[in-house]
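Some notes on the structure that comes next.
Please treat every number below as a calculation from the coordinates, not as lab data. Note that the structure is a prediction, hence the values are computed from the model and not measured. With ideal geometry, Cβ positions are generated from the backbone for all residues, glycine too; neighbour counts draw on all protein chains shown.
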Amino acid sequence: MSSTKRKSNTSNSTANKKARTTNEAAIQSVQSILADVKNFPVPEGTEAVRRALVDLALYARSLEEDLLASKPKEKTAAEVEAAAEKLRAAAKSGIRKQMTVSSSFVKWIPSP
């Protein structure tokens, strides 16, 4: 049997790295704003303000996407019931195996 490694999807890791580096400006902005709420530095000029707002919006969107990706998929009632039945059967089987005495483990000792 040959062992082969599965190739990683480099496009996803590149996108994540790219998103992290572009979010650095937004992260710095958030930190500076929260450090001094009344006197945080405001960029000079319309384009600088626009760029800062876009960076913050992209950062907020990436946080939303991370949150959605981390949520488990909700199961239907039928899926939950099927999973519960599978778990019940596994537990019952395990208990039976522990409670069953195999004849190879029992040693016959004659009465005196």
**Fill in**
In segment 67-101, the GluC sites (Glu not before Pro) that sit in a DSSP loop and have at most 11 other Cβ atoms within 10 Å of their own Cβ are Glu74
**Prompt:** Between Met99 and Val54, what length comes free when the chain is fully extended (0.36 nm per residue of separation minus the Cα-Cα distance, one decimal in nm)?
**Reply:** 9.7 nm
**Request:** Calculate one ³J(HN,Hα) per residue across segment 74-79 by plugging θ = phi - 60° into the Karplus curve 6.51 cos²θ - 1.76 cosθ + 1.60, and present them in order as whole Hz with x for glycine and proline.
**Result:** 6, 9, 6, 4, 5, 5
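Pull out the extension gain between Val30 and Val42, defined as 0.36 nm times the separation in residues minus the alpha carbon to alpha carbon distance; nm, one decimal.
Working: separation 12, 0.36 × 12 = 4.32 nm, distance 1.19 nm.
Length gained between Val30 and Val42: 3.1 nm.
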**In order through segment 83-91: 3J(HN,Hα) via Karplus (6.51 cos²θ - 1.76 cosθ + 1.60), integer Hz, x for Gly, Pro** = 5, 5, 5, 4, 5, 4, 5, 5, 5
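Need the full-extension length gain, Ala84 to Asp66, defined as separation in residues times 0.36 nm minus the C-alpha distance. One decimal, nm. Could the numbers behind the result be given before it?
On the way: separation 18, 0.36 × 18 = 6.48 nm, distance 2.93 nm.
Contour length minus Cα-Cα distance gives 3.5 nm.
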**HN-Hα J in Hz across segment 39-53 - Karplus 6.51, -1.76, 1.60, θ = phi - 60°, x for Gly and Pro** = 10, 6, x, 9, x, 8, x, 5, 5, 5, 5, 4, 5, 5, 5
**Prompt:** Using modelled backbone amide H atoms (1.01 Å from N, in-plane), which distant-in-sequence or interchain residues come within less than 5 Å of Phe40's amide H?
**Reply:** none
